[in-house]
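Derivation of every value follows stated rules applied to the coordinates shown; laboratory data play no part. Not measured: the values here are computed from a predicted model. Positions of Cβ are generated from backbone atoms using ideal geometry, with glycine treated the same way; all protein chains shown enter the neighbour counts.
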Amino acid sequence: MNLRTVATTPFEDQKPGTSGLRKSVPDFQKPHYLENFIQSIFNSLDGIEGQTLVLGGDGRYYNRTAIQTILKMAAANGIGKVLVGQGGILSTPATSCIIRKYETFGGIILSASHNPGGPNGDFGVKYNISNGGPAPEKVTSAIFEQSKRIQAYKILEAADINLDRVGTFKLGTMEVEIIDSVVPYLELMESLFDLEAIRQLLTSGKFRMCMDSLHAVTGPYAKQIFEGRLNAPKGTVQNGEPLEDFGGGHPDPNLVYAEELVELLFGEDAPDFGAASDGDGDRNMILGHHFFVTPSDSLAVLTANAHLVPGYKDGLAGVARSMPTSAAVDRVAAKLGIDCYETPTGWKFFGNLLDAEKATLCGEESFGTGSNHVREKDGLWAILFWLNILAVTGKSVEELVREHWQTYGRNFYSRHDYEEVDKAAATELMDNLRSQFTPLKGQTFGFYTIEYADDFSYTDPVDGSIAEKQGIRIGFTDGSRIVFRLSGTGTKGATLRVYLESYEPDTSKHGEDTQTALGDLIQIAKDVAKIQEFTGRNEPTVIT
Ligand code: G1P
Ligand code: ZN
């Protein structure tokens, strides 16, 4: 076996975004592109020689090829051992679980999350640290710095490893262990939830559920958990075979992209419960019979009912939500007398709060919910959490949410995305908003008066690190909010995200349609940001 040092030159665009380095597959296929980034990860990590890493991905196109390359590079860089998910498959939360369980140095996850896959789709590389969570800013910036001055990478010339057979192999002096992707994750779920109560619910004949894995990574997990361990009828999991191009779909669990599931849950003879997860298994969408639960409400409902679930019955240390997520959970936290943290967008900001035991549950409006059981958001965990609550209370999804609104009031919430707009125009739009903070204050638009306008900045309460320019907030005197952000995960042009929220304490108005309830705020957002003028668009491409 031959250890080669290959000369290379830096790529300028290897700065990790909200969630790792995400580019199109053809970008990653450029000679040395993947290798440069992987070598930059290894170069930025002190003391990695002899250590153990976890490696796997969401099964998208290029997953297996990249795994073989990374294994050979790991061997050449003196890594001691790599644990690889069978078939190269590991969901993002399962990777986090395995890093923690085996106390490894870190892990590499190959995924572009909910972005489409295939030869012309997207691919991505994320590095997770020893707590199982996404690398924090100081680590990702160190990787980026390395990527700007890389001159060579190391790789072993060796035959490919058989990724499909569980067992231990040697690659040079490095050990490669192919592990079952599902078993450690299922064990963790067993320790948190009353699976027997859920099993009884799913086999009672009175409750029907459908899980849509969107041909992405959760298929094998969902089949083994729902149809295996929980005895739900065969066919409970639909689109359960992971495919390299996700069957041509967009593996994002929302009302737009999970349309097959939405049609089922809103159709005739609809099941009682529907759920979906994304490309790499960290997102979730929860549906009831003819009912959609917004992710912000989901976090609030889980928090309010956590005492019913074995893994959380002793109380929550606190909760955390990303800044654009609605304040529904804040009200629950206030009632429970626990702290509620507001962080920038991206799961990496929850890591310190979870490690320091300041927060137990976390959530984002972008269909992400999770807890201190791992350091990633976790789609199947959220689905099991809901099922556990439904099993214990005997209530329907809609009853639970409506009763929640009765107790706490309703935070109407929606996100409007303007995808693939011109990058320069989007930046100008944001700069223009920034230049108006002072004049905006005190301005009145019909019923609404602006109380503050600012750029969200976050000081981490654990390590004091500061993250600036994390979204422009316009707050109104009645507590309503509009937030503007540019996406950090897209690969084409820019995506402008507009987040809208209003609070309605009056139960008689809780039945109103969300877009209608937010109608005035939607118009104010368009006017204040001059969306049409800057982007040439008057309507969003995706509404969630
Ligand atoms: C998006 C979501 C964010 C989430 C991230 C990774 O990032 O908005 O909440 O953490 O994907 O799943 P964005 O594209 O907005 O930067
Ligand atoms: Zn994801």
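Loop-only check: which chymotrypsin sites (Phe, Trp or Tyr not before Pro) in the stretch 435-504 are DSSP coil with at most 15 other Cβ within 10 angstrom?
When the chymotrypsin sites (Phe, Trp or Tyr not before Pro) of the stretch 435-504 are filtered for loop state and at most 15 Cβ neighbours within 10 Å, F447 remain.
Could you state the number of Å between the C-alpha centres of the stretch 310-386 and the stretch 175-216?
What the calculation gives is 21 Å, centre to centre.
If I stretch the segment between S465 and F445 completely, what's the gain in nm (0.36 nm per residue apart, minus their alpha carbon distance), one decimal?
Computed gain between S465 and F445 is 3.5 nm.
Once the piece of chain linking T393 and E263 is laid out straight, how much longer is it, given 0.36 nm per residue of separation minus the C-alpha distance between them?
So the extension gain works out to 44.1 nm.
In the chain, if the dipole is taken from +1 on Lys/Arg beta carbons and -1 on Asp/Glu beta carbons about the Cα centre, which of F28, S298, V309 is farthest to the positive end?
After comparing all options, I get F28.
Please give, to one decimal in nm, the separation of the simple spin-label points placed at K509 and D339, each 7 Å out from Cα toward the Cβ.
According to this spin-label approximation, the distance is 3.4 nm.
Specify the longest stretch of the chain that does not include any exposed loop site, a site being one of the trypsin sites (Lys or Arg not before Pro) with a non-H, G, I, E, B DSSP assignment and at most 10 other Cβ atoms within 10 Å.
314-544
Set the Förster radius R0 to 25 Å, insert the Cβ-Cβ distance between T541 and D455 as r into 1/(1 + (r/R0)^6), and round the FRET efficiency to 0.05.
0.50
Over all alpha-carbon pairs of the stretch 10-164, lay out the pair-distance distribution in 10 Å bins, whole %, shortest bin first.
Whole-percent P(r) values from 0 Å outward: 12, 45, 39, 4.
Any idea what the relative contact order of the stretch 25-118 is, in percent, if you count C-alpha pairs under 8 Å spaced at least 6 apart?
38 percent.
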